[in-house]
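Working notes, structure below.
The values are calculated or read from the model by the stated rules, or taken from the named source; none is laboratory data. Note that this is a predicted model, so its numbers are computed, not measured. FYI the Cβ positions are ideal-geometry reconstructions off the backbone, even for glycines, and counts take in every protein chain you see.
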Amino acid sequence: MKRGNRYGYSLRGLKAGEGNAWSWLVAEFSGKLVGYATRMGARDPEEVMSATLETIANRIADFEGNEAQMRSFIFSIAHARIVDDLRKATRRSEVSIENTLTLLEADEPNEDTFTDPDLLEALERLPDEQRRMLELRYVVGLSTKETADAIGKSEVATRVGLSRAFARLKNLLVDDLRASSQEEALS
């Protein structure tokens with residue numbers, strides 16, 4: 001197995017189905033995925049981890065990127081599995097959306113900001129590029145420079161994109177709050 005990269009596995013080995021590459025991936029990321037799912041409020045973090053690894057196995061042949069982008073790929077899949085889990089378990093409410101908007105007003109959002117189910121649902125409605133930027137920067141925890149590298153943009157363009165993505169996310173939540181208020185008024 002190739003050992004020259006920071007992740008200690010060969011992407012080629014994963015794509016070829018080499019057992020030791022997959023063993024390394026499972027050993028390296030299982031605990032991190034369970035921890036991430038737990039922090040994000042998943043009902044069954046172990047199930048999220050299993051579903052994530054299964055999806056990786058099914059999609060690894062189509063993955064295009066280098067080994068450094070693999071972490072983003074893995075946690076993007078985990079995020080989608082967590083959102084699915086949370087959608088099944090929660091319902092939106094006006095109070096919850098107001099709390100979510102308060103979270104977004106924080107000076108420097110962090111990965112804990114992205115544990116709110118309403119925020120995760122709104123995040124899923126963003127265009128792919130904006131959602132990916134926010135996930136990489138604030139959910140996975142990459143620096144702005146690492147996020148820029150992962151999406152193939154300059155650091156300045158990434159900062160602007162993150163700002164626009166947050167503005168759009170806030171607008172989606174405000175729209176949800178209005179719709180929730182109108183539904184309640186009609187009831």
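What are the residues in segment 26-46 that are closer than 12 Å to residue 74 by Cα and either in contact with an Asp or Glu (Cβ under 8 Å, 6 or more places away or on another chain) or among the charged types (D, E, K, R) (or both), if any?
Residues satisfying the conditions are 28, 32.
Which members of segment 128-147 meet the condition of being under 19 Å from residue 167 (Cβ atoms) and either of a type in the set (Gly, Ala, Ser) or in contact (Cβ under 8 Å) with a residue 24 or more places away in the chain (or both)?
129, 130, 131, 132, 133, 134, 135, 136, 137, 138, 139
Tell me which residues, restricted to segment 140-158, are over 18 Å from the mean Cα position of the chain (by Cα) and among the basic types (Lys, Arg).
153, the sole residue that qualifies.
Could you tell me whether segment 116-133 includes any residue that is at pLDDT below 70 and buried (at least 16 other Cβ atoms within 10 Å of the Cβ)?
yes
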